[in-house]
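Every number here is computed from the coordinates shown, using simple stated rules; none is lab data. It should be emphasised that the depicted structure is a prediction, and the values quoted were computed from it without experimental measurement. Neighbour counts are summed over all protein chains in view; Cβ atoms, including those assigned to glycine, are modelled from backbone coordinates with ideal geometry.
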Amino acid sequence: MSQAKRIYASFRSIGAYVPKKILSNADLEKMVDTTDEWIVKRTGIKERHIAADDEFTSDMGVKAAQLAIDRSGVLKEEIDLILCATVTPDYFNMPSTACIISDKLDIHNVQAFDISAACSGFVYLLTIAKAFIESGMKKNVLIIGAEKFSSVVDYTDRSTCILFGDGAGAAMICATENKSEAFIDIHASADGAYADFLVTPAPGAVHPASQKVIDEGLHFVQMKGNETFKLAVKTLTKDVQEILETNHIAAKDIPHFIPHQANYRIIKAVGDALKMREDQVVLTVGKYGNTSAASIPMAINDIYEEGRLKTGDLMLLDTFGGGLTWASALLPFAGKAKD
Ligand code: UT7
């Protein structure tokens, strides 16, 4: 009796979008009590991109998604699930940004929903796409990490406004019978005990819209920066060491280590702990700042566009964010390299 072939999830294509307007450190020097020197030394960030007033999370997501679709060889009619990770949705919280994106892509009658896992959102989406595909429920899953972080940043708060930027990244995750194309492993986890490290307090059931919300700035992102920093270094390092050990892969054999881009010092500390060479570590934080759920797909897109990402190349993703959430993934790039 012939046995049904096992189905795996594979990472077929990548796309990203960065808005035109640049907010430089020099611009921020005119807005808050900071200096280019402090920002570069403490974060590695030189500039970040900011969406136009009439450009929303869904608009950026659509542009990234369209590229990922075009590069995947998958027809729009063949997409059977659309997922968006964002903590800066077009609307809090209905309709989902995934629904708005599917309409703007002219894809109708397809399951679509958002998830909220802050900076870990994109890797969380990989776990969901994998589960849907490997259970046989879906074949072609479009995943999008998109953020208009500038919509929740207080540009009078120097401890947060220097960090965040806007942008989007997307990938097509497809069913395959070819094991060499399959995701190797993913870890995703969370600990709500640290929920108060990164918070956008309003609007929500705790603080519905009110004059008090506006007066106290509760609609802006708040972060315990230093505490988050320390936990990020510890958790990211442990998580990535575990996924490498479980899968018997040495850090030196990873061609592309693509960590969440929050702060150059966090990335350097994790890279050093793993004894990674500079050429292995993908760095985009200097030009995009922290784009939350969009940061990892935007970084993957950068190495794709530079022609550094080849078919079959192993990617190690590692992320950490509000919730607190964290996740890591080990997977080959199963798409066509850029011509
Ligand atoms: O993506 C999700 C995860 N997010 C992260 O992983 C972010 C993690 N945190 C960080 O990246 C860093 O903690 C920050 C960049 C936010 C802050 O760097 P830090 O080295 O942890 O600085 P700090 O908060 O301990 O502040 C040190 C000093 C303080 O002054 P005093 O109290 O020593 O006089 C701050 O007021 O730096 C001051 N400071 C600034 N000075 C100039 C804070 N922000 C600024 C600023 N410019 N923009």
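Between THR35 and MET137, full extension at 0.36 nm per residue minus the direct alpha carbon distance yields a gain of 31.5 nm. The Kirkwood radius of the range 185-332, taken over pairs of alpha-carbon atoms, gives through the Stokes-Einstein law at 20 °C and 1.002 mPa s a diffusion coefficient of 130 µm² s⁻¹.
Only beta bridges with both residues in the chain are counted; by DSSP, about 70 percent of them are antiparallel.
In this structure the amide hydrogen of PHE164, modeled in the peptide plane, comes within under 5 Å of the amide hydrogens of ASN290, none closer than 5 places in sequence on its chain.
Considering only beta bridges that DSSP places wholly inside the range 80-185, some 45 percent are antiparallel. For the chain, taking Cα atoms only, Rg and Dmax work out to 19.2, 73 Å respectively. Comparing THR246, THR237, THR291 in a Gaussian network model of the chain, where Cα atoms under 10 Å apart are tied by springs, the biggest mean-square fluctuation is seen for THR246.
Backbone geometry of the range 106-119 corresponds, through the Karplus equation with coefficients 6.51, -1.76 and 1.60 at θ = phi - 60°, to 3J(HN,Hα) couplings of 6, 10, 10, 6, 10, 4, 8, 7, 9, 10, 10, 9, 6, 5 Hz, x marking Gly and Pro.
Each label point was placed 7 Å from the Cα along the Cα-to-Cβ direction; for SER210 and THR246 their separation is 4.4 nm.
Annotation for the range 164-228 versus the range 48-90: alpha-carbon center distance of 17 Å.
Between ASP103 and LYS179, what length in nm is gained on full extension when 0.36 nm per residue of separation is reduced by their alpha carbon distance?
My answer for the length gained is 24.0 nm.
Across the range 141-154, rounded Karplus estimates of 3J(HN,Hα) from the backbone phi angles (6.51 cos²θ - 1.76 cosθ + 1.60, θ = phi - 60°) give 10, 8, 10, 9, x, 9, 9, 10, 5, 4, 6, 10, 9, 8 Hz, Gly and Pro being marked x. Taking the number of Cβ atoms within 10 Å of each Cβ as an exposure proxy, the fewest-first ranking of LYS310, LYS130, LYS179 is LYS179, LYS310, LYS130. Residues whose amide H comes within less than 5 Å of that of MET315, counting only those at least five positions distant or on another chain, are LEU331, PHE333 (H built at 1.01 Å from N in the peptide plane). Straight-line cross-link reach from LYS179 at under 16 Å between alpha-carbon atoms covers these aspartates and glutamates, not counting any fewer than eight positions away in the same chain: GLU134, ASP313.
Backbone phi angles across the range 185-202, fed through the Karplus curve with coefficients 6.51, -1.76 and 1.60 (θ = phi - 60°), yield HN-Hα couplings of 6, 9, 10, 9, 8, 7, 9, x, 5, 9, 4, 7, 6, 9, 9, 10, x, 9 Hz in residue order; Gly and Pro are listed as x.
From the cross-link list LYS21/LYS338; LYS148/LYS338; LYS148/LYS310; LYS76/LYS139; LYS104/LYS130; LYS238/LYS287, which pairs have alpha carbons spaced over 21 Å apart?
Working: LYS21/LYS338 26 Å; LYS148/LYS338 28 Å; LYS148/LYS310 30 Å; LYS76/LYS139 12 Å; LYS104/LYS130 25 Å; LYS238/LYS287 27 Å.
From LYS21/LYS338; LYS148/LYS338; LYS148/LYS310; LYS76/LYS139; LYS104/LYS130; LYS238/LYS287, over 21 Å: LYS21/LYS338; LYS148/LYS338; LYS148/LYS310; LYS104/LYS130; LYS238/LYS287.
Considering only DSSP beta bridges whose two residues both sit in the range 185-332, what percent are antiparallel, to the nearest 5? Expressed as a percentage, antiparallel bridges in the range 185-332 total about 75.
Scanning the chain for GluC sites (Glu not before Pro) lying in DSSP loops with no more than 14 further Cβ atoms inside 10 Å, the longest uninterrupted stretch between such sites is 1-176.
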